[in-house]
Amino acid sequence: MSADKILSLDEVAGRLRSGMTLGIGGWGSRRKPMALVRAVLRAGVADLTVVTCGGPDVGMLAASGRVRTLVAPFATLDSLPLEPRFREARERGALRFEELDEAMFLWGLHAAANRLPFLPVRAGLGSDVMRVGPGLRTVRSPYADGEEFVAVPALRMDVALVHMNRADRHGNAQYLGPDPYFDDLFCRAADTAYVSCERIVGTAELTRDAAPQTLLIPRQDVTGVIEAPGGAHFTSCVPDYGRDEEFQRMYATTDFGDFTARFLAADASGDGEEAYRRAVRAWKEDRT
């Protein structure tokens with residue numbers, strides 16, 4: 001029997017160090033490991049290189065001054081096209097942005113997952129990606145075609161954080177929504193990977209009512225698993241819940257210092273995530 005890998009949010013955050021390269025799964029404002037991101041914010045680690053298809057994870061980390069370099073194809077809230085906290089940080093030069101085409105980003109993850117230094121892709125040729133990314137290089141096919149490709153460097157990470165619908169205590173993890181995103185590649189491309197989930201279930205339950213291909217992440221790619229109901233809030237985690245659009249709009253239009261004081265600070269109990277849930281409930285009650 002494989003090892004029990006259950007951890008708490010704070011135990012994961014306690015394993016992180018400033019200066020790390022941190023990969024964050026999900027896509028825009030969809031199935032982001034927000035409970036883990038909030039734990040990272042409480043832990044105070046900084047000077048991070050963040051690799052992600054950016055959403056509010058990028059916005060909050062950037063607004064808190066935790067990001068040195070962002071490697072991403074975009075930073076969006078989906079229903080709000082540009083993540084406003086990212087935009088503010090970018091406009092004031094608070095972080096370095098290494099922008100990649102989405103296909104380049106995907107193959108950078110594939111290269112890292114397969115322990116290759118780079119992979120050749122056609123995406124990016126003839127575009128301004130090559131101009132804004134002066135470190136990018138091209139290679140030529142060694143075969144008769146002699147075709148030129150972009151040599152996308154491997155996106156290796158120290159740590160990956162992802163959120164899934166279900167997992168077992170050994171680290172096998174399942175998505176139940178319409179899209180796996182790149183979460184499995186993030187886990188394979190990182191030295192250590194932590195998976196939060198809506199619910200930890202028995203191994204047999206993972207495939208009892210769902211297709212086997214929904215078992216996206218195998219236990220050998222997972223260092224620790226965390227049960228975090230609502231752990232993607234305010235992003236979506238379909239079919240468990242959709243995006244909290246009203247809360248997202250409030251986040252996007254509220255002074256970030258005020259948002260932090262109300263929603264991201266741990267209370268006297270020391271349970272930061274429970275404090276967040278209580279603050280969200282109180283905000284919703286105030287609205288009604």
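Just so you know, all these numbers are worked out from the coordinates, no wet-lab data involved. Just so it is clear, the structure is predicted and the values come from calculations on it, not from any experiment. Positions of Cβ are backbone-derived with ideal geometry, glycine not excepted, and every protein chain shown enters the neighbour counts.
Compared with the direct C-alpha span, the chain from Tyr143 to Met250 gains 33.0 nm at full extension, assuming 0.36 nm per residue. A simple charge model with +1 on the Cβ of Lys and Arg, -1 on the Cβ of Asp and Glu and nothing else charged puts the dipole of the range 62-158 at about 420 debye relative to its Cα centre. A convex hull fitted around the alpha carbon atoms of the chain yields 143 Å³ per residue. Averaged over residues, the count of other Cβ atoms within 10 Å places the peptides 119-126, 149-156, 217-224, 58-65 in the sequence 58-65, 149-156, 217-224, 119-126, highest first.
What the Kirkwood sum gives for the range 101-256 is a hydrodynamic radius of 17.7 Å, with every pair of different alpha carbons counted. Quotient of the Cα radius of gyration of the range 159-222 and 2.2 N^0.38 Å, N being its number of residues: 0.99.
Would you be so kind as to identify which of Leu176, Tyr241, Gly23 lies farthest towards the positive end of the dipole of the chain, taking Lys and Arg as +1 and Asp and Glu as -1 on Cβ and the Cα centre as origin? Looking along the dipole axis, the top candidate is Gly23. Rounded to the nearest 20, the Cβ-based charge dipole of the range 57-104 about its Cα centre (Lys and Arg +1, Asp and Glu -1) stands at 360 debye. Couplings 3J(HN,Hα) for the range 252-261, derived from phi with the Karplus relation 6.51 cos²θ - 1.76 cosθ + 1.60 (θ = phi - 60°), are 6, 10, 9, 3, 5, x, 5, 4, 4, 4 Hz, where x marks Gly and Pro.
Under the simplified labelling scheme, the Arg15-Glu88 pair shows an inter-label distance of 3.2 nm, with each label point 7 Å from Cα along Cα→Cβ. For the chain, the Cβ-based charge dipole about the Cα centre amounts to some 400 debye (Lys, Arg positive; Asp, Glu negative; other atoms uncharged). As a calculated quantity, the FRET efficiency between Thr203 and Trp283 at R0 = 41 Å, using C-beta atoms, amounts to about 0.65. Ordering Leu106, Thr288, Ala46 by Cα displacement along the dipole of the chain toward the positive end leaves Ala46 in first place; charges were set at the Cβ atoms of Lys, Arg (+1) and Asp, Glu (-1). Residue-normalised convex hull volume from the C-alpha trace of the range 30-174: 145 Å³ per residue.
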